[in-house]
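Step one of this worksheet: look at the structure below.
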């Protein structure tokens, strides 16, 4: 079963294209943007089922892009998966606290992104295995 709409936000065209190629068969429409303004505008217009956003997407203000996405007046807020080069437990924890339901390391996107999408769209949380060990250490402290 295909899901309706995916919005991908990453400043790097190669990453956006790679994500589209990897997940295109799961969605009826994949829309790609490269900046904060386009992300917020398309999220409000498209009302995607899922947003995949680069944690390092440049933002204009001090407010976290994830919090800005969740503050949009959407009937059903989209689920959000963060793509990141950062594997520190602190980065993952901050992303999840800001409303992400998935966290995928860019270096393992080829193997982790499809399972992340499946888990998140089923209402579960997904974190790339490469950071889970770090998270468990951070939680235990």
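Which residues, counting only those in segment 13-35, are exposed (fewer than 14 other Cβ atoms within 10 Å of the Cβ) and not in a helix (DSSP H, G or I)? Spell out how you get there, then give the answer.
If we filter segment 13-35 for residues that are exposed (fewer than 14 other Cβ atoms within 10 Å of the Cβ), which is where we start, we get 13-14, 17, 21, 24-25, 28.
Within segment 13-35, 28 is the sole residue that qualifies.
Of everything in segment 122-141 that's surrounded by 12 or more Cβ atoms within 10 Å (Cβ to Cβ) and part of a helix (DSSP H, G or I), which residue is modelled with the highest pLDDT?
129
Report, by residue number, each residue of segment 50-73 that is modelled with pLDDT under 90 and either surrounded by 20 or more Cβ atoms within 10 Å (Cβ to Cβ) or in contact with a helix residue (DSSP H, G or I) (Cβ under 7 Å, 6 or more places away or on another chain) (or both). Quick ask: steps written out before the conclusion?
Filtering segment 50-73 down to residues modelled with pLDDT under 90 leaves 55-73.
Of everything in segment 50-73, those that are modelled with pLDDT under 90 and either surrounded by 20 or more Cβ atoms within 10 Å (Cβ to Cβ) or in contact with a helix residue (DSSP H, G or I) (Cβ under 7 Å, 6 or more places away or on another chain) (or both) turn out to be 55, 57, 58, 59, 60, 65, 66, 68, 69, 72.
Going by the conditions given, is residue 91 assigned to a helix (DSSP H, G or I), in contact with a strand residue (DSSP E or B) (Cβ under 8 Å, 6 or more places away or on another chain) and modelled with pLDDT under 90? Before the answer, list the steps.
Numbers: assigned to a helix (DSSP H, G or I): yes; in contact with a strand residue (DSSP E or B) (Cβ under 8 Å, 6 or more places away or on another chain): yes; modelled with pLDDT under 90: yes.
Judged against the criteria, residue 91 is a match.
Has segment 99-120 got at least one residue that is over 15 Å from residue 22 (Cα atoms) and at pLDDT below 90?
yes
Inside segment 1-19, can you point out the residues that are within 17 Å of residue 79 (Cα to Cα) and either touching a helix residue (DSSP H, G or I) at 6+ places or on another chain (Cβ under 8 Å) or modelled with pLDDT of 95 or more (or both)?
Let us first name the residues in segment 1-19 that are within 17 Å of residue 79 (Cα to Cα), namely 2-10, 19.
Once the filter is applied, which keeps residues that are within 17 Å of residue 79 (Cα to Cα) and either touching a helix residue (DSSP H, G or I) at 6+ places or on another chain (Cβ under 8 Å) or modelled with pLDDT of 95 or more (or both), segment 1-19 yields 2, 3, 5, 6, 7, 8, 9, 10, 19.
Just for segment 81-121: of the residues that are closer than 16 Å to residue 26 by Cα and free of Cβ contacts under 8 Å to residues at least 40 places away in the same chain, which one is surrounded by the most Cβ atoms within 10 Å (Cβ to Cβ)?
Taking segment 81-121 as the starting set, the residues that turn out to be closer than 16 Å to residue 26 by Cα are 81, 109-121.
Then keep just the ones that are free of Cβ contacts under 8 Å to residues at least 40 places away in the same chain; that gives 111-112, 115-116, 118-119.
Details: 111: 14, 112: 22, 115: 14, 116: 27, 118: 12, 119: 17.
That would be 116.
The values are calculated or read from the model by the stated rules, or taken from the named source; none is laboratory data. Since the structure is predicted, the reported quantities are computational estimates derived from the model, not experimental observations. Don't worry about glycine lacking a Cβ; one is built from the backbone with ideal geometry, like all the others, and counts go over all protein chains shown.
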